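See structure below.
Where a number appears in this text, it was derived from the coordinates with a stated rule and is not lab data. All of these numbers come straight from a predicted model, not from anything done at the bench. Cβ: placed from backbone, ideal geometry, glycine included. Neighbour counts: every protein chain shown.
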Amino acid sequence: MHKIDELRQLVTLHDYDIISVAETWATAEIKDSELLIEGFSMYRVDCNVTRGGGVVLYIKENLRSSTDNKLMLENFEDSVWCSVKTNDKRLFIAVCYRSPNSSKENNLKLLSVMDKAVNQCGYDRILIISDFNY
């Protein structure tokens with residue numbers, strides 16, 4: 001059984017609204033259809049190295065979600081930054097993977113995008129899910 005099939009089974013057993021996966025190892029050769037989970041919007045960034053990296057964020061379709069393009073343009077490797085709107089709140093949800101071999105430049109990009117998320121985007125609540133490898 002593939003790991004994605006195990007994840008799909010867990011989703012059918014539990015009532016998750018948000019699912020994040022860091023270090024997916026997914027590449028451009030893997031189609032979205034292979035990673036989709038029914039009832040969820042999927043936001044993914046594939047790994048850009050030969051091993052490790054890649055992230056995916058699943059948000060239940062009944063939640064109004066979209067990528068936060070301003071934060072996605074920060075170009076921190078292996079990250080997805082999403083806005084979720086409820087009736088009265090603007091939520092910010094992110095998943096990122098920082099490689100143990102991350103460059104100083106990439107580390108600074110991570111700090112910059114986190115600072116912008118907290119101080120400039122006007123979200124009511126922020127959740128950053130990560131494997132920082134510190």
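Among the residues of segment 67-89, is any over 19 Å from Ser20 (Cα atoms) and touching a strand residue (DSSP E or B) at 6+ places or on another chain (Cβ under 7 Å)? Yes, segment 67-89 has at least one match. Just so you know, in segment 63-79 the residues that are of a type in the set (A, V, I, L, M, F, W, C) and in contact (Cβ under 8 Å) with a residue 40 or more places away in the chain include one that is nearest to Met114 (Cα to Cα), and it is Leu71. Looking only at residues in segment 20-61 that are part of a strand (DSSP E or B) and touching a helix residue (DSSP H, G or I) at 6+ places or on another chain (Cβ under 7 Å), which one is surrounded by the fewest Cβ atoms within 10 Å (Cβ to Cβ)? Selected residue: Met42. On the stretch given as segment 85-111, residues that are under 16 Å from Val56 (Cα atoms), without any contact (Cβ under 8 Å) to a residue 60 or more places away in the chain and of a type outside the set (Lys, Arg) total 3.
For segment 81-101, a residue qualifies if it is surrounded by fewer than 20 Cβ atoms within 10 Å (Cβ to Cβ) and either of a type in the set (Lys, Arg) or outside any strand (DSSP E or B) (or both), and the qualifying residues are Lys85, Thr86, Asn87, Asp88, Lys89, Arg90, Ser99, Pro100, Asn101. Can you name every residue in segment 1-39 that is under 13 Å from the mean Cα position of the chain (by Cα) and not aliphatic (A, V, I, L, M)? Matches in segment 1-39: Ser20, Glu23, Thr24.
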